[in-house]
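Each remark here refers to the structure printed beneath this line.
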C-alpha cells in the first residue's frame, strides 16, 4: 500500500514540476527538424541552402525557376545565389 501511495505522490510531483517549467503555448519536444511540423500553429519551411527549418513568417522567400524557395537569412540567400552562379 505504501508503494502505491509513493508512486502516486511521485507522479503528481513530476506533473507539477513539468507544469511549472513548460508554459502553455510553448511547443514541447523537437520542432527543429521535420517538414510539415508547426510552431505555435505555423508551418515550418526548409532553408534551401543550410537546410534548417524556420517558421514561414520568418523566412525570406524568393522564386527560382518558378518555384518558391525559402531562406533563414539574407546570408543564406546570397550564398545560395552565389553557388547557383558557380554551377552554371
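Compare the peptides 63-75, 47-59 by average per-residue count of other Cβ atoms within 10 angstrom and give them in order, highest first.
Going from most to least packed, we get 47-59, 63-75.
Quote to one decimal, in nm, the extra length available between residue 58 and residue 83 on full extension: 0.36 nm per residue of separation minus the C-alpha distance between them.
Using 0.36 nm per residue and subtracting the Cα-Cα distance, I get 6.7 nm.
With a point put 7 Å past each Cα toward its Cβ, work out how far residue 74 is from residue 50 in nm, to one decimal.
Label-label distance for residue 74 and residue 50, simple model: 1.5 nm.
We did not get these values from a lab; they are worked out from the coordinates using the rules stated. A quick note: this is a predicted structure, and the numbers were derived from the prediction, not measured. Please note: Cβ atoms are built from the backbone with ideal geometry, for glycine as well, and neighbour counts cover all protein chains shown.
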